[in-house]
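Shown next, in C-alpha cells, is the structure this report addresses.
The values are calculated or read from the model by the stated rules, or taken from the named source; none is laboratory data. Fair warning: this is a prediction, and the values are worked out from it, not measured in the lab. When we count neighbours, we look across all protein chains shown, and the Cβ atoms used for this are built from the backbone with ideal geometry, even at glycine.
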Amino acid sequence: MGNLLEIKNLKVEFHLDERVITAVDGAYLNIKENEVVVLAGESGSGKTITALSICKILPRNAHIVWGVINLAGREMLCLNENELIKIRGKDIAYIFQEPVSFLNPVYTIGEQIIEVIKLHQGKNKKEAYEETIDLLKKVRIWEAKRVFQSYPHQLSGGLNQRAFIAMSLACNPKLLIADEPTTSLDVTIEKEILDLLLELKNKLKFSLLFITHNLSIAQKIADRIFIMYKGRVVEEADSQELFKSAKHFHTQELLSAYERIGRI
C-alpha cells in the first residue's frame, strides 16, 4: 500500500529580529491509508511545526526553507493559498489541545459545524443541519440538539473537544491530525476521546497523525511511532518494536522516564 502522506527533508526556520532559529531540520514522516502514526517527543522538538507545515498554517515568522510534502500525489508546498483553502478541512483536518481557543465564542457549536459543511459540500441549511446532528451523535454527544444550540463557553472541555472532532470530520477528511488533543483533559475523559478517535478512524477509514509527548498514549494507539528530537526524526519503528528495542539514545531516555513514572 502506498503512502497517503509523505514528508521528506523538511526544514523550517523562525526569524526572530536578527536571529534565525531552526525548528525543524530535515524531518521525514510517512503515513499509509487507515494507519495511526504517532509523532512523539519532548516539548520544543518540532512536532507541531512539522504538522502545521503540511497545510502551511505556520506562524508568520516561520518559513519553510525546503522539503517535500506530498498528500495523495499532490505536492503541498507548490500550492497557492486558494488551492490550500480547498484542502484544509476537506482532505486534511486538525484537532488541537485547547478546542475552545479555535472555536468562535460568538457562534453556537451548530452554526460553526454547519458553516464548514456548507463551505466544502455546498449543502443547503436543512441538509447541513441534519448532517451536523448526525455528526454530534457520531462523536457520542447524546444531547446533540442541546450542544448544537450551545456556545463553547457553556460546554465542558470534553464536550468542546468532541464537538471540535465532529467539525473536523464534517467533510470526511483523508487525514486527521490530532495535536495533543487530550493533554488538558482528565484521565477518564482522555481515554474516552482516544477510544472515540480509534473507533471513528476504523469506521470512517481516515488516517490519523497523533502528536504527543506521552508515550503511554503512543503505546496504546500507534501502528508506527516517529520520535523527534531537536527538530529531527531520530527513530521510526513499529509500535511494539520501539518499546522492545529502541535504538536512539533519546528514545531510550523517553522510555526510561516512561517506565519510571508511567506518563511523560
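Miscellaneous remarks
- Scanning region 51-64 turns up no residue that is crowded, with 17+ Cβ neighbours inside 10 Å, of a type in the set (S, T, N, Q) and part of a loop (DSSP other than H, G, I, E, B).
- Pairs, first free of Cβ contacts under 8 Å to residues at least 40 places away in the same chain and more than 15 Å from ALA23 (Cβ to Cβ) in region 64-77, second surrounded by 15 or more Cβ atoms within 10 Å (Cβ to Cβ) and of a type outside the set (A, V, I, L, M), C-beta under 6 Å, six or more apart: none
- GLY41 vs. criteria touching a helix residue (DSSP H, G or I) at 6+ places or on another chain (Cβ under 6 Å), surrounded by 16 or more Cβ atoms within 10 Å (Cβ to Cβ), small (Gly, Ala, Ser) and touching a residue at least 60 places away in the same chain (Cβ under 8 Å): yes
- Entirely in region 119-181, the helices (runs of 4 or more DSSP H) that have 2 or more residues that are farther than 22 Å from GLU98 by Cβ: 125-138, 144-148
- Residues in region 223-252 that are over 26 Å from VAL12 (Cα atoms) and under 19 Å from the mean Cα position of the chain (by Cα) were compared, and the one that is surrounded by the most Cβ atoms within 10 Å (Cβ to Cβ) is SER239.
- For region 141-150, the criterion of a residue being modelled with pLDDT under 95 and either within 18 Å of LEU208 (Cα to Cα) or touching a Gly at 6+ places or on another chain (Cβ under 7 Å) (or both) is satisfied by no position.
- Subset of region 21-80 [closer than 30 Å to SER256 by Cα and of a type in the set (D, E, K, R)]: ASP25, LYS32, GLU35, GLU42, LYS47
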